[in-house]
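Single-structure report; data block below.
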Amino acid sequence: MNLTKTHLATFIGTALLLCASACAADAPVNPQQPWLDTRLTPDQRAALALKAMTQDEKFQLIRTEFGDTNNGHPMPAGALGSAGYQPALTRLGLPALQESDAGLGVAKPLSSGATALPSGLATAASFDPALAYAGGAMIAREAHRRGFNIMLAGGADLVRDPRNGRNFEYAGEDPLLTGLIVGNAIAGIQSEHLVSTVKHYALNDLETARNTLSADISRSAARESDLLAFEIAIDTGHPGSVMCSYNRLNTVYTCEDDWLLNTVLKHDWHYPGFVMSDWGAVHSAAKAALAGLDQESAGETFDNQVYFDRPLRAAVASGQVPQSRIDDMARRILRSLFADGVIDHPARPAPIHFAADRKVARQAEEAGAVLLRNHGALLPLAASQSVAVIGGHADKGVLTGGGSSAVQSPEGNAVPGLPPSAWPGPRIYQPSAPLAAIARHAHGKVVYADGSDIATAARLAAQSAVAVVFVEQWAAESFDSPTMRLPGNQDALVAAVARANPHTVVVLENNGPVALPWLDQVGAVLEAWYPGAAGGDAIARLLYGDVAPAGRLPVSWPRDETQLPRPQIPGAGLAAIGLPPHGQPDQRVNYDIEGADVGYRWYQRKGIAPLFPFGYGLGYTHFAYSDFTVHTAHGRVEASFTVSNRGARRGVDVPQLYATLPGSGEVRRLAGWCRVDLAPGQSAHLHVVADPRLLTRFDEAHQRWLRPAGRYVLQLGHSATDFQGEGAVTLPKAEWPADAAPHGAAQSCLASRG
């Protein structure tokens, strides 16, 4: 991991915050409001503010209202038209809480527009924590300059199924990659004086029946998979809030789960912030409060009643809930507001530099697009070639995911009016047209067909040197896709164009892995994900070699649904976009089928070869590894090796370190990686520290993390299945209590260039 940039950005942000605090400390402090003294710690300030609060003020703090109009509910006075709102506590000098969706940009109000990052999977595919930090900081700056001080960001649920409607919000199937990418995005957001959440805690890995579905999994497997991703994200980014999810975990609603919230989060992980509910995820007052929920979100609109008002007051009056619990709820919220700078750096309207922010989004897409196929070196394209551009509304813009994460450009929706018009729509396109960007690169003739007439599209392809076909798959929260197939006639379109012109490039704009029945018929495939505000420009720059594709798959790409742990999702679909649900949704999903072995670990365990493995990605050059050695130093497992660019073009490589624990058979785990940019003929000598959290198992019976004694095999790979180096170390048994788990290395990748 190239963490030096992250550390530098974090250092600069911390230095600026300290400077601002020091300057503020020179100002006189109102003795009636000592909690506004910036010389005090967040805990001290929270304690002082809490001591001054009335019971009514505490109860105001532990719930928010919906910040927009909804089903007859008017927008609260003072709200900005977004996800959540809490009026200011003026007597205490505390600002209103203005909560904005979501992790890919400022999603509301749609009328204002904002800069959309590429999907979370695109950022994860970069394997670049510094890029995640920069993206988080960018969207937070826009949010802060719109008046928001809380962002509902930080999606850390693992991708257990490619059909899940919210995969585009998340960071893949691996807990280490997810934790570090999401954690750095959170750190970037909070560097701009906003609170970020991490969500949806936990095992919210399907959308079908999400409000009642029980995710069933052993506690040890949960600790080693989804919960490990959250633990690493929290340890990395220190989010001010954790959002508990809609679903149940082993039959218990997560916002009422004492083990999940109190035992794991607050006790074992020593989490000092507050737990807010998802919108409509609260089902009780006393039970939820005692289980660790600190704030009810928009209960007047989305819950059956506002539980954290009269019902909770009655529970306190009866002694069912102690007053100390109410105080703890308020104190945790106050602490995060002080710790993240919300109080000292109020959010106020200010100009937004959209051109600079689009560049951040473009760089994220360029780093995260994955080249899946490039037969005969069809890419990069030559400017002299004539090009037929086909399908995907490429003449207008690029697709985004839907629901609460849908971000609209300040210039509006490039393709308005597509279904669904109601939630989780509207379907939004960023006005960054690939067709125009390709035309700017090409000296030859460029023609366009929308793809609705397959014969016309094939005829244009046959008359051009190259055909570039854009295919798309819209996804959103609240529904899953029933299949991995592309919707409509897009597979037939690609097949017909490929028959007409074998020099066909397919660009995917999608939620995640889809079936590719025409893969062997086309020359190249570029996975662009949802490519963000500057997606058209980024795609053209990648196709023409202005930049080389550098992304690596953060998810395994199955051949079809039969390779998945659960081939069907009963009840999945959305009739409004032509995906009618079939059958009744299940109320329980068995995640113990794969347990902690999510994604590539499942395929290894079952001996299944996916279409593309985790970590896979091509470029316009090739890299070789040599001199691989493994050793232990200061209690750490370290690998050293040399990476050489053996091609004729500059490129980025992501050498990946995998560890196989004693007794785990062929199931290996990603334990670390580097991201290195090399010129032709250049080499770099790299050192990677294996993350100690990935060298342990959770022993539920004894509530401990256990590193078993024995031989640990370390492999250096281009992906989870392609290795060019192997070594082993023998480690003694070691154990840590559940509340003192080993932490990751401070710096896991060091490089020296040759």
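The values are calculated or read from the model by the stated rules, or taken from the named source; none is laboratory data. Not measured: the values here are computed from a predicted model. In case anyone asks, the SASA skips ligands and DNA or RNA and just uses the protein heavy atoms, side chains included. Shrake-Rupley method; radii C 1.70, N 1.55, O 1.52, S 1.80 Å.
Only lysines eight or more places from LYS266 in sequence, or on another chain, were considered; those with a Cα closer than 30 Å are LYS51, LYS58, LYS199, LYS287, LYS733. Here the Karplus relation 6.51 cos²θ - 1.76 cosθ + 1.60, evaluated at θ = phi - 60°, turns the backbone of the range 189-201 into coupling constants of 4, 6, 5, 9, 6, 10, 7, 10, 8, 10, 8, 9, 7 Hz, with x for every Gly and Pro. Here the range 411-469 and the range 52-102 have alpha carbon centers that stand 42 Å from each other.
Could you tell me which of rounded, prolate or oblate describes the range 182-233, using a ≥ b ≥ c as the square roots of the eigenvalues of the alpha-carbon gyration tensor, with rounded for a/c under 1.5 and, failing that, prolate when a/b is larger than b/c and oblate otherwise? Verdict is oblate for the range 182-233. Between amide H atoms placed 1.01 Å from N, distances below 5 Å from VAL195 occur with ILE150, MET151, all of them 5 or more places distant or on a separate chain.
Note that the range 535-540 has calculated 3J(HN,Hα) couplings of x, x, 4, 4, 4, 5 Hz, one per residue in order, obtained from phi through the Karplus relation 6.51 cos²θ - 1.76 cosθ + 1.60 (θ = phi - 60°); glycine and proline are x. The relative contact order of the range 688-749, computed from alpha carbon pairs under 8 Å that lie at least 6 residues apart in sequence, is 42 percent. Once you have a ≥ b ≥ c as the square roots of the Cα gyration tensor eigenvalues for the range 526-636, tell me rounded if a/c is under 1.5, and otherwise prolate or oblate according to whether a/b is larger than b/c. Note, shape of the range 526-636 comes out oblate.
Remark: relative contact order (the chain) = 13 percent; criterion is Cα-Cα distance under 8 angstrom and separation of 6 or more residues. Distance from the alpha carbon centroid of the range 540-591 to that of the range 470-529 works out to 12 angstrom. What the range 402-480 shows is 38 Å² of accessible area per residue, with the surface traced by a 1.4 Å probe over protein heavy atoms. Summarising the amide proton neighbourhood of LEU293: residues at separation of 5 or more, or on other chains, whose placed amide H is nearer than 5 Å comprise an empty set. When you work out D = kT/(6 pi eta Rh) for the range 371-463 at 25 °C and 0.890 mPa s, using the Kirkwood radius from C-alpha pairs as Rh and the Stokes-Einstein form, the result is 163 µm²/s.
Once divided by 2.2 N^0.38 Å, the Cα radius of gyration of the range 468-543 becomes 1.12. Contact order, relative form, for the range 597-754: 24 percent (alpha carbon pairs under 8 Å, 6 or more residues apart, mean separation divided by residue count). With both residues required to sit in the chain, DSSP beta bridges show an antiparallel share near 60%. Taking a ≥ b ≥ c as the square roots of the Cα gyration tensor eigenvalues, the range 113-187 comes out prolate, since a/c reaches at least 1.5 and a/b is larger than b/c.
In order along the range 250-261, the Karplus-derived 3J(HN,Hα) couplings, from 6.51 cos²θ - 1.76 cosθ + 1.60 at θ = phi - 60°, round to 6, 6, 9, 4, 4, 7, 10, 9, 4, 5, 5, 8 Hz, and Gly and Pro are given as x. For TRP673, nonlocal amide neighbours, meaning residues 5 or more places apart or on other chains whose placed amide H falls under 5 Å from its own, are LEU657. Residue-normalised convex hull volume from the C-alpha trace of the chain: 149 Å³ per residue. Averaging Cα coordinates gives a centre for the range 258-301 and one for the range 158-228; these two points are 17 Å apart.
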